Amino acid sequence: MFKKILFATSATPASDHAARVAFNMSKEYNARLNIFHVLGVPSRGFSQVVVDVKTKEKVGVDEEYLFGVTEEIKAYYAKYLDKGLDHTIDVAVGFPAREILRQAKVAQPDLIILGGSTGDEEDSAYKKVSAGSTLQKVAKSAPCPVMAVNRPAASFWGGMSNILFGTDFSKTSDKAFDFAVKLAKAMDCELHVFHALDITGLQSGKLIDQDEIEQKIREALRKIRARYEPRLKELKSYSMDVWEGIPFIEIVKYARDKHADLIVMAHHSRRIPDEQDRLGGNVEQVIVRAGCPVLSVNK
Amino acid sequence: MPEGIYCNKQTVNTPEEVNKLLSDTSGNLYYQEMEVLDVDTDLLWKTIQNTCKSRTRTWLEICAHCGMCADSCFLYEVNGRNPKQVPAYKIQSTLGEIIKRKGQVDNAFMRHAMRVAWAECTCCNRCGMYCPHGIDTGIMFGYLRGLLYGQGFVPWELKIGAGMHRAYRAQMDVTDEEFVDTFEWMVEEYEEDYPGLTVPVDKEGADIMYTVNAREVKHYPEDLAEAAILFHLAGENWTVPSKGWEQTSLAMFAGDWAACKMQVESVYAAMERLTPKRMVGTECGHAHRATVIEGPYWAGRKDGQPPAPSIHYVEWLAEALNTGKLKIDPSKRIKEPVTLQDSCNYIRNHGLKKATRDIMAHIVEPGFFIEMAPNKEHNYCCGGGGGFNGIGKFRKERNIALIKKRDQILETGAKLVVAPCHNCWDAIRDLEEEYEIGIRWSFLKPLLIKMVVIPDHLKPKE
């Protein structure tokens, strides 16, 4: 299922949950793990100065420094790496999202695993007016599925039993569905197909009665059956549900209800992300809130 | 020690030599060696005799020491009106003195001259506008930098920068293959959103040949995508050269005259090879100065013009908006107080103030654009021009230099600064980092992308 995994990490506690998932998955699937760290953002015009993301210090980057950082990463993940895991470590300078995508272009992984937010994106070192969050940019443009692990994934110890696939019936969702089915088959999981009926538009004053909502739920269920059930039958077990509410909240609630170990969703290709709409989309909100890893598929 | 291992009079010509210089972190050894670097006084005097022309000699001679240039210099103003920061003093006590002494100056003098040439003047040429005799100190400092470079007295980063141009014909270690590859990659990333988006490489006879700044390729390749998108939406017949794509010239900041010539000739060769109707350069100030204004003279072109008519990005954009090739969605215009940074290199030195103001009129809701004071050709340098931004040794001085721009921006009350110049953009970014005044800053392309109308036939199908 996964032969090459690219794990983009800040090599700080913010990426610890993701690290656990990345290392476990690599072991489980005998995948080659590429540990990738963007150590800092270039600064000072054309000068050689880089602001180190970890120390916040302005440093002159040379081979010695790169070597030092690589050694630090090795030490940080020593408890995983000691077990003879097939891995490589790469370190780069630049804007994280762009460099992760550049690395993905070269390494061609089957999956990118992203660590959690370092929490300091407001830090001036990261500021670039057109930039959205690292996650948003990587999820939008990555050539392969992207898995984000933001909160501790308690049940994710290499095994998976429940996968939730959230759909909005778009073309990209169909791609995400294909992937979810493939995954469920490979991992022998139950797949839960879910659609959240968005009723947030109703807050603006207009109240629809429950009959109408339920009518829409029935319609959505019919749509799920028509669109996905033939493929779902290839699996041992599956379920289909539609709930109404604020979509990302409903997805998170549903995931909790089904003890989902993984959520698969489509990332909608949008134009160059706006600084205002970072973490604005459903996928991003789900990532922030879900108690399990979230995998986004964009193409 | 006459010549150091890192600091010497030799030029840096190959990737290996660039790497060697880079391996000396922050140039620590480089500057140590500089303290004992010999001055070849004979060579210095010979160079002056061969290259110091009547204009410079006349300027140095006729300066009346009236001091009118003092108040025109932002570095004089932000450095406590120190008389040693008066432009006339700065040039007379360095270049003037070298000539007066017929090149008989010592190591300490040259190091002092280096500090003045790179930390006390950004070659913004503002003083030249206020001198009753029309003496342009910035031009003379450009010349002095050349003399200093020839003797090995040049800031470490600029020796590297000039070396990059010699080794790669680009200001950073970006090869021609990497340039084309990155541009194609970026276009690929966005072609789903903009069906039909392509980057035509080496197309002959196109209406536009586009040239860039290597930093865009290296660190902000989105800029390339944005340029492609805007040309695409405007329906332009454009191309990029696979060779000669770098418009900038750190060699100019360094005073490496030979590298300046090499660099600009690579761009001119691309123009001659592809015969575009026009060249459009990216949002960079010094790149325009190097390739369009000064370059023709470096390359020895008799008419003082590049081989193809060459315009700045703001000229193309203003034209595209004025002629309706690009249309702005009025609901998406900027509706917050916004100000504009006038880049010295193409506003004061090439008169493009109308172009940028035309653009602002299109993209900003009436009433929200606030001019800095002073503005247009009278505007102050961002504080980081002429190479100042990148020099670690003069960081402290550079940060003081940012104060003028900081105060100008604060006075406007705007929280968004449009800066269509790489150097200005950097300086304003650093200014926020240093002084935290709560502003955002942007090139034009990312702003335009958000508000430009996509013609129906170019919209994605879904």
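The values are calculated or read from the model by the stated rules, or taken from the named source; none is laboratory data. Predicted, not measured: the structure shown is a model, and the values here were computed from it. As a convention, Cβ positions derive from the backbone with ideal geometry for all residues, glycine included, and neighbour counts pool all protein chains shown.
Give the residues of region B:275-285 that are outside any strand (DSSP E or B) and either within 20 Å of B:Glu216 (Cβ to Cβ) or touching a His at 6+ places or on another chain (Cβ under 6 Å) (or both), sorted by residue number.
B:Pro276, B:Thr282, B:Glu283, B:Cys284, B:Gly285
Determine which member of the set B:Lys396, B:Lys354, B:Lys376 is without any contact (Cβ under 8 Å) to a residue 24 or more places away in the chain and surrounded by fewer than 18 Cβ atoms within 10 Å (Cβ to Cβ).
After applying the criteria, what remains is B:Lys396.
List the residue pairs whose Cβ atoms are under 8 Å apart, where the first residue sits in region A:276-299 and is farther than 28 Å from B:Pro446 by Cβ and buried (at least 17 other Cβ atoms within 10 Å of the Cβ), the second is among the charged types (D, E, K, R) and modelled with pLDDT of 75 or more, and the two are 6 or more positions apart or on different chains.
Within 8 Å, the pairs are A:Gly291/A:Arg256; A:Cys292/A:Asp261; A:Pro293/A:Asp261.
I'm trying to understand the selection: among the residues of region B:1-59, which are within 14 Å of another protein chain (Cβ to nearest Cβ), without any contact (Cβ under 8 Å) to a residue 24 or more places away in the chain and farther than 20 Å from B:Ala258 by Cα?
Residues satisfying the conditions are B:Asn19, B:Lys20, B:Ser23, B:Thr25, B:Asn28.
Just one of (1) within 22 Å of A:Phe179 (Cα to Cα); (2) touching a His at 6+ places or on another chain (Cβ under 6 Å) trips up A:Pro42, so point out which.
(1)
Which condition number does B:Phe183 fail, the rest of (1) within 14 Å of another protein chain (Cβ to nearest Cβ); (2) touching a helix residue (DSSP H, G or I) at 6+ places or on another chain (Cβ under 6 Å); (3) not in a helix (DSSP H, G or I) being met?
(3) is the only condition that B:Phe183 fails.
Could you list, in sequence order, the residues of region B:372-408 that are farther than 15 Å from B:Glu434 by Cβ and touching a strand residue (DSSP E or B) at 6+ places or on another chain (Cβ under 7 Å)?
B:Met372 - this is the single residue of region B:372-408 that is farther than 15 Å from B:Glu434 by Cβ and touching a strand residue (DSSP E or B) at 6+ places or on another chain (Cβ under 7 Å).
For B:Arg169, all conditions in the list (1) of a type in the set (Lys, Arg); (2) crowded, with 24+ Cβ neighbours inside 10 Å; (3) more than 24 Å from B:Phe394 (Cα to Cα) hold save one; what is the number of the exception?
(2)
Mind checking whether some residue in region B:297-304 is buried (at least 16 other Cβ atoms within 10 Å of the Cβ), at pLDDT 95 or above and assigned to a helix (DSSP H, G or I)?
Scanning region B:297-304 turns up at least one residue that is buried (at least 16 other Cβ atoms within 10 Å of the Cβ), at pLDDT 95 or above and assigned to a helix (DSSP H, G or I).
Which residue, of B:Glu336, B:Glu272, B:Glu283, is within 22 Å of B:Thr122 (Cα to Cα) and acidic (Asp, Glu)?
Just a single option satisfies the conditions, and that option is B:Glu283.
For A:Phe23, state whether it is of a type in the set (Phe, Trp, Tyr), outside the structural domain of A:Asp261 (by TED's automatic domain parsing), under 19 Å from A:Cys292 (Cβ atoms) and at pLDDT 85 or above.
yes
Condition test on B:Thr137, is it out of contact with any Lys or Arg (no Cβ under 9 Å at 6 or more places or on another chain) and at negative phi?
Against the criterion (out of contact with any Lys or Arg (no Cβ under 9 Å at 6 or more places or on another chain) and at negative phi), B:Thr137 does not qualify.
Going by the conditions given, is B:Ala167 among the small types (Gly, Ala, Ser) and touching a residue at least 40 places away in the same chain (Cβ under 8 Å)?
When the stated conditions are applied, B:Ala167 passes them.
I need the full set of residues from region A:53-94 which are under 20 Å from B:Arg215 (Cβ atoms) and not aliphatic (A, V, I, L, M), in order please.
Once the filter is applied, which keeps residues that are under 20 Å from B:Arg215 (Cβ atoms) and not aliphatic (A, V, I, L, M), region A:53-94 yields A:Lys58, A:Gly60, A:Asp62, A:Gly94.
Scan region A:3-20 residue by residue and report those that are modelled with pLDDT under 90, of a type in the set (Ser, Thr, Tyr) and surrounded by 18 or more Cβ atoms within 10 Å (Cβ to Cβ).
A:Ser10, A:Ser15 - these are the residues of region A:3-20 that are modelled with pLDDT under 90, of a type in the set (Ser, Thr, Tyr) and surrounded by 18 or more Cβ atoms within 10 Å (Cβ to Cβ).
On the basis of being outside any helix (DSSP H, G or I) and at pLDDT 95 or above, does B:Gly67 make the cut?
Answer is no for this residue.
Where in region A:3-66 are there strands (runs of 3 or more DSSP E), lying fully within it, with 3 or more residues that are not hydrophobic (A, V, I, L, M, F, W, C)?
Here the list reads A:32-42.
Return a yes/no flag: does region A:227-244 have any residue that is away from chain B (no Cβ under 14 Å), under 24 Å from A:His17 (Cβ atoms), at pLDDT 95 or above and touching a helix residue (DSSP H, G or I) at 6+ places or on another chain (Cβ under 6 Å).
No, the conditions are met nowhere in region A:227-244.
In region A:111-134, is there at least one residue being outside any loop (DSSP other than H, G, I, E, B), modelled with pLDDT of 90 or more, over 18 Å from the mean Cα position of the chain (by Cα) and surrounded by fewer than 18 Cβ atoms within 10 Å (Cβ to Cβ)?
no
Being of a type in the set (Asp, Glu) and more than 21 Å from B:Gly27 (Cβ to Cβ), is that true of even one residue in region A:51-59?
No.
Within region B:63-72, identify whether any single residue is under 27 Å from the mean Cα position of the chain (by Cα), closer than 28 Å to B:Gly384 by Cα and either surrounded by fewer than 18 Cβ atoms within 10 Å (Cβ to Cβ) or within 14 Å of chain A (Cβ to nearest Cβ) (or both), and answer yes or no.
Within region B:63-72 (the criterion being under 27 Å from the mean Cα position of the chain (by Cα), closer than 28 Å to B:Gly384 by Cα and either surrounded by fewer than 18 Cβ atoms within 10 Å (Cβ to Cβ) or within 14 Å of chain A (Cβ to nearest Cβ) (or both)), the answer is yes, since at least one residue qualifies.
Of everything in region B:378-399 that's within 11 Å of B:Leu75 (Cβ to Cβ) and in a loop (DSSP other than H, G, I, E, B), which residue is nearest to the other protein chains (Cβ to nearest Cβ)?
The residue in question is B:Gly383.
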